[in-house]
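Chemist: Here it is: the structure, laid out below.
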Amino acid sequence: MAWQVRSRLRSSLLGLYVAAAALLAVAATRRSLRWRSVIATALVVVAVTGGTYGLRSSDLGFLRQWFAPAENARPGEYAGSWSQRLIFSYIGLRVFADNPVLGVGWWGELPPAEYARYLPDARARFPDQPVRYFPQADDAFIPQQAYDQVLYELGVVGIFVFCTIATLAVRDAARPARRWPKTDHDELAAYLPAGWVATLAGALAGSALFGGTPIAALFWVTLGLVGAVVAIGANRVGAAVTG
């Protein structure tokens, strides 16, 4: 659907921010940070942000409603894909509140039996949103982002495992930044794990992890890449020491 594409575009923008920050942090850690690189990175981020905002500013209308509501605004005037994301997050949190330990089980799309009873409360909580923004009581509930999905489908146990994996990935992504030989002609490999993990973190805010989707494959490929670079870096450091 079009609104899903728009949401993923903006979550990719979030991934750009996190990745840019991660790459600058790696450069600072390796004492390779230069003003020219900082300025170039900032210009790219600003340019991409400006283009995205120009194309999708209407989808952020709920912020205008919160901070500067118009007196004669029509119901649904400020609706956008992020408005719908808030609705889905509300329903997902209600599902989690009733199934906090193990969640409702790993579904690609939640069946109506797991969420339909929360729809009346959601409509009462967001009365100014279009009817089409709410999931249907006789259709499936499509997860909007991996973080919500893990929480309400796998509960506290699942989110603990997920956070553990994320922590290990961040730790391993930081190792090449500190230890990869600066004299090596492949020094860019020191930046790759951190940039990739940071980008994935942003992408997960706009896509779910249910089986068969490209983002699920990218999730596991990223973890494998980080582990591989750490192993290669350790071997090169060891070779440099013994040599």
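The values are calculated or read from the model by the stated rules, or taken from the named source; none is laboratory data. In this text the structure is predicted, and so the values were computed from the model without any measurement. For neighbour counting, all protein chains shown are included, and Cβ atoms are generated from backbone atoms with ideal geometry for every residue, glycine included.
Chemist: Evaluate the stretch 106-125: report whether one residue or more is over 21 Å from residue 210 (Cβ atoms), in contact with a Gly (Cβ under 8 Å, 6 or more places away or on another chain) and in a loop (DSSP other than H, G, I, E, B).
Modeler: no
Chemist: Could we say that residue 143 is in a loop (DSSP other than H, G, I, E, B) and crowded, with 16+ Cβ neighbours inside 10 Å here?
Modeler: For residue 143, the condition - in a loop (DSSP other than H, G, I, E, B) and crowded, with 16+ Cβ neighbours inside 10 Å - is met.
Chemist: Right, something else. With touching a Gly at 6+ places or on another chain (Cβ under 6 Å), part of a helix (DSSP H, G or I) and either of a type in the set (Phe, Trp, Tyr) or crowded, with 22+ Cβ neighbours inside 10 Å (or both) as the only criterion, which of 176, 193 stands out?
Modeler: 176
Chemist: Can we say residue 150 is within 23 Å of residue 122 (Cα to Cα) and either in contact with a helix residue (DSSP H, G or I) (Cβ under 8 Å, 6 or more places away or on another chain) or assigned to a helix (DSSP H, G or I) (or both)?
Modeler: Here the answer is yes, as residue 150 does meet what is asked.
Chemist: Failed condition for residue 86, given (1) in a helix (DSSP H, G or I); (2) at pLDDT below 80, with all others met?
Modeler: Here residue 86 clears every test but (2).
Chemist: Out of 110, 102, report the one residue that is of a type in the set (A, V, I, L, M), surrounded by fewer than 18 Cβ atoms within 10 Å (Cβ to Cβ) and in contact (Cβ under 8 Å) with a residue 40 or more places away in the chain.
Modeler: Criteria check complete, one pass: 102.
Chemist: Name the single residue that is surrounded by the most Cβ atoms within 10 Å (Cβ to Cβ) among those in the stretch 146-159 being farther than 22 Å from residue 214 by Cβ and more than 17 Å from the chain's Cα centre (by Cα).
Modeler: Applying the filter and picking the extreme gives 155.
Chemist: Taking only the stretch 113-131 into account, find how many residues are exposed (fewer than 13 other Cβ atoms within 10 Å of the Cβ) and in contact with a strand residue (DSSP E or B) (Cβ under 6 Å, 6 or more places away or on another chain).
Modeler: Adding up the residues that qualify gives 0.
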